[in-house]
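Since the structure comes first, as structure tokens, the remarks are kept for the end.
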Amino acid sequence: MFTGIVEELGTVASVTDLGDAARIVITGPLVTSDVRPGDSIAVNGVCLTVVEPTGTDFAADVMAETLSRSTLGALAAGENVNLERAAKVEARIGGHIVQGHVDGVAVVRTIQPADHWTTMTFDLPAGLSRYLVEKGSITVDGVSLTVVGVGDAEFSVSLIPTTLEHTTLGSREVGDRVNIEVDVLAKYVERLMEGRQE
């Protein structure tokens with residue numbers, strides 16, 4: 001489990017194509033400071049298992065399913081990524097409950113800077129808008145954010161300068177693709193309501 005509070009901007013050191021999978025090596029001095037094989041680290045919101053920690057780098061094997069359902073399949077050496085270690089039970093949850101299980105890929109539609117914040121609007125994959133509510137939570141590239149507007153096929157968030165500075169969202173441009181994870185509580189409520197109707 002994660003909280004959507006990004007700990008550091010890491011850098012992709014290498015991506016090796018394994019045919020039906022890929023091995024990604026990422027540099028992140030903070031998240032590797034106490035990492036062990038088998039630990040979970042969220043990379044742009046995708047929960048990955050550390051298979052080989054080496055100094056300030058860690059390697060993770062990413063299967064075809066994850067590569068096709070997230071933006072990880074398009075990563076290249078030198079790119080920055082948002083990194084977060086799994087939450088500790090005794091830690092504060094500053095964001096919301098994040099599983100690291102991407103629900104889809106959204107596209108940046110507009111970026112509107114203001115004096116003290118920036119509003120970004122995203123095109124939403126079909127079928128996900130029903131899980132979003134104004135003032136609810138959403139994870140974009142692993143960043144826990146508050147939904148400020150939602151429509152049938154889009155949603156918007158407002159970003160403070162700190163979020164723009166310390167995550168990859170500050171370098172996103174119109175047309176860029178991002179990983180989206182909706183609030184898992186909404187999915188459970190939907191499933192429970194389906195059971196009641198049956």
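So the values come out like this:
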{"quantity": "Lone qualifier among THR118, THR162 - being farther than 24 Å from ALA74 by Cβ, of a type in the set (Ser, Thr, Tyr) and out of contact with any His (no Cβ under 8 Å at 6 or more places or on another chain)", "calculated": "THR162"}
{"quantity": "Residue that is in a loop (DSSP other than H, G, I, E, B), touching a residue at least 24 places away in the same chain (Cβ under 8 Å) and farther than 20 Å from LEU185 by Cβ, where the choices are ALA126, ALA60", "calculated": "ALA126"}
{"quantity": "Complete set of residues in region 37-57 that are under 16 Å from the mean Cα position of the chain (by Cα), part of a loop (DSSP other than H, G, I, E, B) and hydroxyl-bearing (Ser, Thr, Tyr)", "calculated": "none"}
{"quantity": "Residue match in region 108-117 (condition: in contact (Cβ under 8 Å) with a residue 40 or more places away in the chain and out of contact with any strand residue (DSSP E or B) (no Cβ under 8 Å at 6 or more places or on another chain))", "calculated": "yes"}
{"quantity": "Top-ranked residue in region 82-91 [being among the small types (Gly, Ala, Ser) and either at pLDDT 80 or above or within 20 Å of THR168 (Cβ to Cβ) (or both); ranked as surrounded by the most Cβ atoms within 10 Å (Cβ to Cβ)]", "calculated": "ALA87"}
{"quantity": "Per-region count, region 165-188, residues closer than 16 Å to VAL81 by Cβ and out of contact with any Asp or Glu (no Cβ under 9 Å at 6 or more places or on another chain)", "calculated": "5"}
{"quantity": "Count - residues of region 134-148 that are more than 16 Å from SER158 (Cβ to Cβ) and more than 16 Å from the chain's Cα centre (by Cα)", "calculated": "0"}
{"quantity": "Yes/no for GLY94 being within 27 Å of TYR131 (Cβ to Cβ), buried (at least 16 other Cβ atoms within 10 Å of the Cβ), of a type in the set (Gly, Ala, Ser) and out of contact with any Cys (no Cβ under 7 Å at 6 or more places or on another chain)", "calculated": "no"}
{"quantity": "Matching residues, region 125-183, being on the phi > 0 side of the Ramachandran plot and either aliphatic (A, V, I, L, M) or surrounded by 20 or more Cβ atoms within 10 Å (Cβ to Cβ) (or both)", "calculated": "ASP141, GLY142"}
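Residue-by-condition table, conditions (1) farther than 21 Å from LEU159 by Cα; (2) touching a helix residue (DSSP H, G or I) at 6+ places or on another chain (Cβ under 9 Å):
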{"position": "ARG23", "(1), (2)": "yes, no"}
{"position": "VAL31", "(1), (2)": "yes, no"}
{"position": "LEU48", "(1), (2)": "yes, yes"}
{"position": "SER68", "(1), (2)": "yes, no"}
{"position": "ALA77", "(1), (2)": "yes, no"}
{"position": "LEU83", "(1), (2)": "no, no"}
{"position": "GLY95", "(1), (2)": "no, no"}
{"position": "ALA114", "(1), (2)": "no, no"}
{"position": "LEU132", "(1), (2)": "no, yes"}
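The values are calculated or read from the model by the stated rules, or taken from the named source; none is laboratory data. Nothing here was measured: the structure is a model prediction, and the numbers come from that model. A quick note on method: Cβ atoms are made from the backbone with ideal geometry, for glycine too, and the neighbour counts reach across all protein chains shown.
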